[in-house]
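Accompanying notes for the structure given below.
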Amino acid sequence: MRIHNRLWLLALSTACAPGSVPAQTPSPAPHPAPVELRLADGDLRVVNLYRIQTEVLRAGRGEPADTLVNRLVHRLYAPYTEFWNGYLGEEADFREWAVKLLDPAHPIHTRLAPLDAVRLDRRFTEGVDWIVRTTGHRPAGTWYIVFGPGWTDMGGLGGIGMVADFTRLTPDSAALANLLPHELTHQVQSALERGDPDVGTVLHRIVGEGFASYVAWVYAGGKRTPAEALMYREQEWTWALAHERELLAAVRPILASRERKDSDRVASRSDHLIEGAPGAGGYFLGFRLVQAYLEKRGKDAWREIYDLPVAEVVRRSGYLD
């Protein structure tokens, strides 16, 4: 899925000599991550494009801007054309956008050190190892870690893979510790759910998001509340519990829908199922459905859900009865 919108390029700072790379370029990383990391017996690939970006900028201090852009095309665009074509556009789009990296105000110049401090390579390794060890399943797919055009913070690009764009995504350890097991769970689910007739429905989205949030909560080992696993404030969680029946009533008519607007209605943080509700109400309902499942099947039965079609998860939970 290509993200179609475009951002205007920022003008280069007047502090930068025309046509040259600014003096403020990323400093050496204290914990340099490999450009590519293979996990889960090779099923999961993590591509640290930001490492190439910072190496090119650091080595090119004082060089003409067009030289740097050519080098970025050679080292960053050409080897990963599928990603850039799916997220940004063709080579001409890439060249136009690449000028932004030379602006001293670009986040790459201030967020690299915090990103290195997060140790994403270690977080991926630990998260994948935990899922494999705990569930017997392996996440599959590709991740691209990049300072890109900032059109998303973290999201999927159809069959190309996942992108974490730190131009927009803040390198916050606590948030990433919650997001990664959530998204890795989705990558396990995607590999297992072929043939499920409910794939693509609102019901599928609710169960999938709720389950991924629950797995992230289990992964935290009691260090987070259910509200935090959903990225809710505690008062939002309390409000949703108090209005759970009304939230369920609001989604029942659209559970079989495959319309994008209905999927967004249950998953978007800016959409609200009923007045006063927190956003992403489908995440809350899915989390509660998983809790209902475990009340009937036992606290460790969440592992079963990986292997079940959506309709069977719902039936065993009794949540919609």
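The values are calculated or read from the model by the stated rules, or taken from the named source; none is laboratory data. This is a predicted model, so every value here is computed, not measured. Reconstructed Cβ throughout: ideal geometry from the backbone, glycine too, with neighbour counts over all protein chains shown. SASA here: full protein model, heavy atoms, side chains in, ligands and nucleic acids out. Shrake-Rupley method; radii C 1.70, N 1.55, O 1.52, S 1.80 Å.
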- Task: Would you check if residue 119 is crowded, with 17+ Cβ neighbours inside 10 Å and in contact (Cβ under 8 Å) with a residue 12 or more places away in the chain?
- Result: no
- Only one of 49, 44, 115, 37 that is under 28 Å from residue 216 (Cβ atoms) and either among the hydroxyl-bearing types (Ser, Thr, Tyr) or in contact with a Leu (Cβ under 7 Å, 6 or more places away or on another chain) (or both): 49
- Answer residue from segment 132-164, given it is free of Cβ contacts under 8 Å to residues at least 40 places away in the same chain and among the charged types (D, E, K, R) and is least open to solvent (accessible area, probe 1.4 Å) among those: 153
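Considering only residues that are open to solvent by 30 Å² or more (accessible area, probe 1.4 Å) and not hydrophobic (A, V, I, L, M, F, W, C), which ones fall in segment 299-320?
299, 300, 303, 304, 307, 309, 312, 315, 316, 319 - these are the residues of segment 299-320 that are open to solvent by 30 Å² or more (accessible area, probe 1.4 Å) and not hydrophobic (A, V, I, L, M, F, W, C).
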- Mind checking which residues of segment 122-131 are open to solvent by 10 Å² or more (accessible area, probe 1.4 Å) and more than 15 Å from the chain's Cα centre (by Cα)? 122, 125, 126, 129, 130
- Report yes if residue 180 is assigned to a helix (DSSP H, G or I) and open to solvent by less than 20 Å² (accessible area, probe 1.4 Å), otherwise no. yes
- Note on the structure: Subset of segment 55-86, residues within 22 Å of residue 119 (Cα to Cα) and either in contact with a helix residue (DSSP H, G or I) (Cβ under 6 Å, 6 or more places away or on another chain) or hydrophobic (A, V, I, L, M, F, W, C) (or both), comes to 56, 57, 76
- Message: Checking residue 249 against (1) within 14 Å of residue 286 (Cβ to Cβ); (2) open to solvent by 50 Å² or more (accessible area, probe 1.4 Å); (3) of a type outside the set (Lys, Arg): exactly one of these is not met. Which one?
- Response: (1)
- Find the residue count for segment 207-246, including only residues that are crowded, with 22+ Cβ neighbours inside 10 Å, closer than 20 Å to residue 316 by Cα and not β-branched (Val, Ile, Thr). 7
- Return the only residue of 306, 293, 319, 283 being assigned to a loop (DSSP other than H, G, I, E, B) and touching a residue at least 24 places away in the same chain (Cβ under 8 Å). 319
- Message: Looking only at segment 67-117, how many residues end up being part of a helix (DSSP H, G or I), over 24 Å from residue 172 (Cβ atoms) and of a type in the set (Asp, Glu)?
- Response: 4
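Specify which of the listed residues (101, 57, 49) is under 18 Å from the mean Cα position of the chain (by Cα), farther than 27 Å from residue 303 by Cβ and open to solvent by less than 10 Å² (accessible area, probe 1.4 Å). Lay out the reasoning, then the answer.
Working: 101 fails: under 18 Å from the mean Cα position of the chain (by Cα); 57 fails: under 18 Å from the mean Cα position of the chain (by Cα).
Residue meeting the stated conditions: 49.
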- Note on the structure: Turns out the helices (runs of 4 or more DSSP H) fully within segment 206-262 with at least 1 residues that are touching a residue at least 24 places away in the same chain (Cβ under 8 Å) and of a type in the set (Phe, Trp, Tyr) are 234-242
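Would it be correct to say that residue 301 is in contact with a Phe, Trp or Tyr (Cβ under 6 Å, 6 or more places away or on another chain) and within 22 Å of residue 187 (Cβ to Cβ)? Don't jump to the end; show me each part of the working.
Values: in contact with a Phe, Trp or Tyr (Cβ under 6 Å, 6 or more places away or on another chain): no; within 22 Å of residue 187 (Cβ to Cβ): yes.
In short, no.
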